[in-house]
Amino acid sequence: MPIRRLPEGTINRIAAGEVVERPASVIKELVENAIDAGAKSIDIEMSGGGRDFISVTDDGRGMARDDLLLAIERHATSKLVGDDLLNIATLGFRGEALPSIAAISRLTIASRPHDADDAWSLHVTAGKVKDPEPTAFGKGTRVEVRDLFFATPARLKFLKTDRTETSQAADAVKHLAMSRPDIGFSFTDSGRPVFRYGAEEDLLEDGSLKRLSAVMGRQFSENAISVAVKKDGISLRGYAGLPTFNRGNAQAQYLFVNGRPVRDRLLAGAVRGAYQDFLARNRHPVLALFLDAPAERVDVNVHPAKTEVRFREAGLVRALIVTGLRDALAKAGHRASSSVADAALHAFRPGGGAYSNHGQRFNSGLAEAAAAFQSPFDHLAPGARDTVNTDGVVGETQTGGALADNFPLGAAIGQLHETFVVAQTADGIVIVDQHAAHERLVYERVKKALAHDGVATQGLLIPEVVELGEDGAARLMARVEEFAGLGLVMESFGPGAVIVREVPALLGDTDIQGLVRDLADEMAEYDSALSLKDRLDDVCSTMACHGSVRAGRRLTQTEMNALLREMEVTPHAGQCNHGRPTYIELKLPEIERLFGRR
Amino acid sequence: MKITIEQVALLSALSHVQSVVERRNTIPILSNVLMSAEGDKLALTATDLDMAIDESVTADVGQAGATTVQAHLLFDIVRKLPDGSQVELKLAGDASRLVLKAGRSTFSLPCLPREDFPVMGEDELPCKFSIGAPELRRLIDKSKFAISTEETRYYLNGIYLHDAESGGVAMLRAVATDGHRLAQVETPLPDGAAGMPGVIIPRKAVNEVRRLIEGREDEIAASLSDTRIRFDLGEAVLTSKLIDGTFPDYSRVIPEGNDKELDVGCGEFKAAVDRVSTISTEKSRAIKLGIGAGRLELSATSPDSGTASEEIPVGYGGETMEIGFNSKYLLDITGQIDGETARFSLADAVSPAIITDPEDESALFVLMPMRV
């Protein structure tokens, strides 16, 4: 068959395959257009999972008659200034969305520029354009898409159920709404309002957090700490969830680069790295981070859907995220998840069992915390009261009062079941899991020692050659100095192999092949050396576990107070190595409420 | 099958064979010991499919026959029987139970048929030689500690036994390494061992042989092919598969031209290392040697436990240097030096050190330093 040039319609349908994957991508493209048009309020409607009808209405600057015709041409856009692909300040720039959508659906655009008196509408059916007609329309633009994918029946077959497609579309809008609190969004599905976010007036911290909490739930704002760091012209702001407020998957991690929602392995890897000490491997933090970098230092032209980005200085960005998050978490070291205390309170209330599911929904650790919290009191029958260790309480009441007022974690009152330390603070009580808390203290000490002295390395008499394939070897070699800092000294050994010369002495006689392979895989997936740190931390935490006070050990008053004082000065003492809380604090008003005093 | 045997004889034989049997097995018969009675002998066999020990003891055989019973169970019973008692073993009617009687005790133990017991194939073992038990003990003792426990480098999980030439003399050489340190011990090549294949004897077999030759002074007959090795100790015979792998070319990691020679008093050095390392962190056990003319300063630092240092007089005339080692490795190696002096041959702080006994050239140890 001779080679021929494909007709325009086919070209558009092929392009549509990349850009328009499902109804959610149509909505994403249209909403991005609306945002780029300077809209203050955007209304999205859809029905039939987006198959039947999608409409996006904005109050942006609108288009004149001739612009309408150009807008549905491929590679026609108003967003690129000159020909500079390096300096992209808008969400879109490819000029592909509208023609792609137009090629596979029945599209109607109605628009009126702010300064014009007449509105025009344009109909396109599977790429066939009718002449624009005058129409009645307020200021802004409305794009209606009917019978999406009718021109590409194959794609239609691959769509999921209406419900799934709708929720995907809603997610896409939520994503965009998170980065633009200044714009109002409403989303309606088959006439039923799904959500409505009013435009936030206050564009500083507060408005942003309000919008995030509207999208991600109230609990997020209660358990989030603010992150704001800036370095070399790149700034990171946003909110990071406390480690005790964690999830089973990484779905609730929202990352934005210059306002653009992205799913990027570099960013995801940096987040994992930052939370590594605080969460078990299978738990994931909840956060929303906004990274702003000068446009010329980020390449967004990587993927048609623009969910991936490239940074000119990837190392700087990673470091910024890791240090930014770590600093923020260090400051919040003493705020365990508010939901933990909530759950505990629910457990206390008569009929509290009915509420306990509430806690479990967002944190499996809570149920445990609640149960652990509840059990001592369940058993506090008169006969069992002697299990409360009230060593020296009487003698120390006076000093205890002073301690309670002067220290955040207060004065130890006693020990319950030789496992939990109860302390009185100025305005409430604190219950400490003695093993978890002490383990964390020892762990921090071991880690500090490691960081201070560096990792001792054991030279290998017989260096180990690991075959990895060229990609893997090159990825490891690119970060060879970072590994050396962690005690793993490698050199390149021909194409596709590395030779390991020294290993961290802590690991002893270890499976070097396995370690290096894991690292290469992680470099591919997350772009950071998690498993090496993991293994070192594992050793540290085993040492910490062995070196710490166990549950079941009776502590004297002095020991308990010493534990509390040390927790106050140790960073990250609020949670154990696995993201569970080491202590919970109940405020007096909350306790009073339990007894109906308030 | 029906036999009567002295408790002491049965216990000694059982203690030899039962250690081959793993505590947990997926194949039930592997937990058992095969007992077969014939003539005036009771033969016991135990195996883990990789190695087998056969041992014969004199017994009063009333009726020849064979069966298998759980090895650890039988061993525990016989161990607890009164010394010097006579043990009667009798297969019950349908061969499903072995009845053991001694004094007033009676045990009835479940049996599995002997036909199911795996037998290690009888391979041709062309290379045969005999070696004195003390010599074999020395080869094993001085190299065993360096065997790797890391399963992924399986070819290091044993002692590499081969013939080698040392100073123009043919030697039988044992080498073991875990990648951090290496031990090389040799003894004059016994007759018949010339041209033997280089073989890697797995750790478990090494340990079993070592147990069997404890305290013996006689000659042990060894025979081997490139897949199997057998040690014949008269009444007991141990056969083991060999590790199917290539031992690395260890001669390349033994440095030549380490010109700085440090002579330390072995006992004094060991005691000092042991003392100073009390401070070093539990996991890395790092200890630093600061070497100067005529003196050696050992030191360790730990953020938790403080610092330690000790100075001992040594024989050293080279330039001052510092080098770090894992203190456990140092103790392991110097523990293998029988003489009064241990000689360290060093090049620099990152190159391997050679440790030898200046009066005994047949053993040599290589240790990779730590960077602290």
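The values are calculated or read from the model by the stated rules, or taken from the named source; none is laboratory data. Please read all numbers here as calculations on a predicted model, not as lab measurements. FYI the Cβ positions are ideal-geometry reconstructions off the backbone, even for glycines, and counts take in every protein chain you see. Calculation scope for accessible area: heavy atoms of the full protein, side chains included, ligands and nucleic acids excluded. Shrake-Rupley method; radii C 1.70, N 1.55, O 1.52, S 1.80 Å.
In table form, for the structure just shown:
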{"item": "Volume per residue of the C-alpha convex hull in segment B:260-367, rounded to whole Å³", "result": "88"}
{"item": "Which of A:245, A:137 is most accessible, then next, and so on - probe 1.4 Å", "result": "A:137, A:245"}
{"item": "DSSP-assigned coil residues among GluC sites (Glu not before Pro) in segment B:133-220, each with at most 15 further Cβ atoms within 10 Å", "result": "B:214, B:217"}
{"item": "Per principal axis, descending, Cα span of segment B:225-264 in whole Å", "result": "50, 28, 11"}
{"item": "Rounded to the nearest 10 Å², the accessible area of residue A:150 at probe 1.4 Å", "result": "70"}
{"item": "Rg [Å, one decimal], Dmax [Å, integer] - segment A:8-197, C-alpha atoms", "result": "15.5, 44"}
{"item": "Diffusion coefficient, µm² s⁻¹, Stokes-Einstein with Kirkwood Rh over alpha-carbon pairs of segment B:81-124 at 4 °C and 1.567 mPa s", "result": "103"}
{"item": "Folded to 0 to 90 degrees: helix B:7-18 orientation relative to chain B principal axis, Cα", "result": "60"}
{"item": "Positive-end extreme of charge dipole, segment A:455-547 - chosen from A:515, A:474, A:541 (charges on Cβ)", "result": "A:541"}
{"item": "Percent of C-alpha pairs per 5 Å bin, segment B:2-116, short to long", "result": "2, 13, 24, 28, 21, 9, 2, 0"}
{"item": "Rel. contact order, % - alpha carbon contacts under 8 angstrom, at least six apart, segment B:127-252", "result": "29"}
{"item": "Residue A:497 versus residue A:480: modelled label distance in nm, points set 7 Å from Cα along the beta carbon direction", "result": "1.6"}
{"item": "Choice from B:185, B:119, B:20 showing the highest fluctuation, given a GNM over chain B with Cα pairs closer than 10 Å", "result": "B:119"}
{"item": "Tilt relative to chain B, helix B:203-212 - C-alpha long axis, 0 to 90 degrees, to 10", "result": "70"}
{"item": "29 Å Cα-Cα reach of residue A:160 towards lysines, excluding residues that sit fewer than 8 places from it in its own chain", "result": "A:28, A:128, A:174, A:306"}
{"item": "Cα-based equivalent ellipsoid of segment B:176-226: semi-axis lengths in Å, sorted from largest, via gyration tensor", "result": "20, 17, 12"}
{"item": "Cross-link partners of residue B:90 among aspartates and glutamates (Cα-Cα below 19 Å; sequence separation of 8 or more within a chain)", "result": "B:6, B:38, B:40, B:60, B:76, B:115"}
{"item": "About the Cα centre, charge dipole magnitude for segment B:260-367 (Lys/Arg +1, Asp/Glu -1 at Cβ), debye", "result": "420"}
{"item": "Orientation-averaged projected area, Cα convex hull of the protein assembly as shown (nm²)", "result": "59.7"}
{"item": "Cα gyration tensor category, rounded, prolate or oblate, for segment B:72-215 with a/c compared to 1.5", "result": "prolate"}
{"item": "Convex hull volume per residue for segment A:136-273, taking Cα atoms only, in Å³", "result": "188"}
{"item": "All-pairs alpha carbon distance profile, segment A:205-331, 10 Å steps from 0, percent", "result": "13, 47, 34, 6"}
{"item": "Charge-dipole axis of the protein assembly as shown as Lys and Arg at +1 and Asp and Glu at -1 on Cβ define it, positive-most pick from A:271, B:188, A:195", "result": "A:195"}
{"item": "Estimated translational D of segment A:74-179 in µm²/s (Stokes, Kirkwood radius over Cα pairs; 20 °C; 1.002 mPa s)", "result": "133"}
{"item": "Greater than 27 Å apart at Cα, pairs in B:41/B:101; A:210/A:533; B:41/B:80; A:448/B:288; B:204/B:260; A:40/A:79", "result": "A:210/A:533; B:204/B:260"}
{"item": "Values of log10 I(q)/I(0), in the order q = 0.22 Å⁻¹, for segment A:458-598 under a Debye, Cα-only, solvent-free model", "result": "-1.30"}
{"item": "Cα-Cα P(r), chain B, percent of pairs per 10 Å interval", "result": "5, 21, 24, 20, 16, 10, 4, 1, 0"}
